[in-house]
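The structure appears below as structure tokens.
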Amino acid sequence: MKQSLPVLPYAFDAFEPYIDARTMEVHYTKHHQTYVDKLNAVLDKHHDLAAMPLEEIMMKLSKLHLSDADKTAIRNHGGGHLNHSLFWHIMSPQKDRDESLITEIKGTFGSLDEFTQLFTDKAATLFGSGWVWLVRNDKKKLEVYTLPNQDSPYLTDHTPIIGLDVWEHAYYLKYQNRRAEYVAAWWNVLKLLP
């Protein structure tokens, strides 16, 4: 089964002024499409994998009998595809509060403000390119951490809930090197939290 870009439920300009239309278009049609294309090129060589859900492939990646090059390609491009697919899904022009998640965040991190500050600090201090994650870990507890490049929480059997792309391609056209401004603006388009 070929992987494909998820259909966006909004226009590229839906997040103005927080995320500009040109960044959204390039991010989705160029960067994400490249991850999909390069992932499909690897999966085309391994028909047994092509039938598996991508999340399962990522969870089993270290145990699969593949060349190091193919594992790296799946890690990078499969992670890029999964990460971005979630990223597009958790953003919306309208808020759709997840009250049970909010309650759980408050129970784990003390308050929404404390969670937001922790997440924001992780995004601001991540060296280089990568992602900040709110995940449900293997003990079913919430956890916040960063991962480099396009690494996916599924690699460690964690389930991603919220992910923020802090690669420069996610913000450079509008914010240049001002990552902190991008992160602050992004909270306005995250649909799950107020």
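The values are calculated or read from the model by the stated rules, or taken from the named source; none is laboratory data. Small disclaimer: the values here were computed from a predicted structure and weren't measured. Ideal geometry is used to build each Cβ from the backbone, glycine not excepted, and the neighbour counts take in all protein chains shown.
Among the numbered conditions (1) at pLDDT below 95; (2) part of a helix (DSSP H, G or I), the only one that Tyr28 does not meet is (1). Among the residues making up segment 15-52, those that are among the aliphatic types (A, V, I, L, M), within 17 Å of Gly79 (Cα to Cα) and within 18 Å of the chain's Cα centre (by Cα) are Val36, Leu39. Yes or no: segment 47-55 includes at least one residue that is under 22 Å from Val132 (Cβ atoms) and either of a type in the set (Val, Ile, Thr) or in contact with a His (Cβ under 8 Å, 6 or more places away or on another chain) (or both). Yes.
Per-residue answers, yes or no, for (1) within 27 Å of Lys106 (Cα to Cα); (2) part of a loop (DSSP other than H, G, I, E, B):
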residue	(1), (2)
Lys139	yes, yes
Leu147	yes, no
Ile162	yes, no
Asn177	no, yes
Glu181	yes, no
Ala185	yes, no
Asn188	yes, yes
Leu192	yes, yes
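Determine the pairs where a residue that is more than 17 Å from His84 (Cβ to Cβ) and free of Cβ contacts under 8 Å to residues at least 40 places away in the same chain, located within segment 160-186, has a partner that is of a type in the set (Ser, Thr, Tyr) and part of a helix (DSSP H, G or I) with Cβ atoms under 6 Å apart, the partner being 6 or more residues away or on another chain. Correct list of pairs: Tyr175/Tyr182; Glu181/Tyr175. Every condition in (1) among the hydrophobic types (A, V, I, L, M, F, W, C); (2) surrounded by fewer than 15 Cβ atoms within 10 Å (Cβ to Cβ); (3) modelled with pLDDT under 95 is met by Leu193 except one, and the failing one is (2).
Take Thr108 and decide whether it is farther than 24 Å from Glu56 by Cβ and β-branched (Val, Ile, Thr). Answer is yes for this residue. Being crowded, with 17+ Cβ neighbours inside 10 Å, in contact (Cβ under 8 Å) with a residue 12 or more places away in the chain, within 21 Å of Val166 (Cα to Cα) and among the β-branched types (Val, Ile, Thr) is a description that does not apply to Ile57.
Residues that are touching a residue at least 24 places away in the same chain (Cβ under 8 Å) and assigned to a helix (DSSP H, G or I) were ranked within segment 15-25; the one that is farthest from Tyr154 (Cα to Cα) is Arg22.
Of all residues in segment 38-66, those that are under 17 Å from Leu155 (Cα atoms) and either at pLDDT below 95 or part of a loop (DSSP other than H, G, I, E, B) (or both) total 6.
For the criterion of being among the hydrophobic types (A, V, I, L, M, F, W, C), over 25 Å from Gln94 (Cβ atoms) and in contact with a helix residue (DSSP H, G or I) (Cβ under 6 Å, 6 or more places away or on another chain), Leu64 fails. Of all the residues in segment 71-109, those that are part of a loop (DSSP other than H, G, I, E, B) and over 15 Å from Val132 (Cα atoms) number 7.
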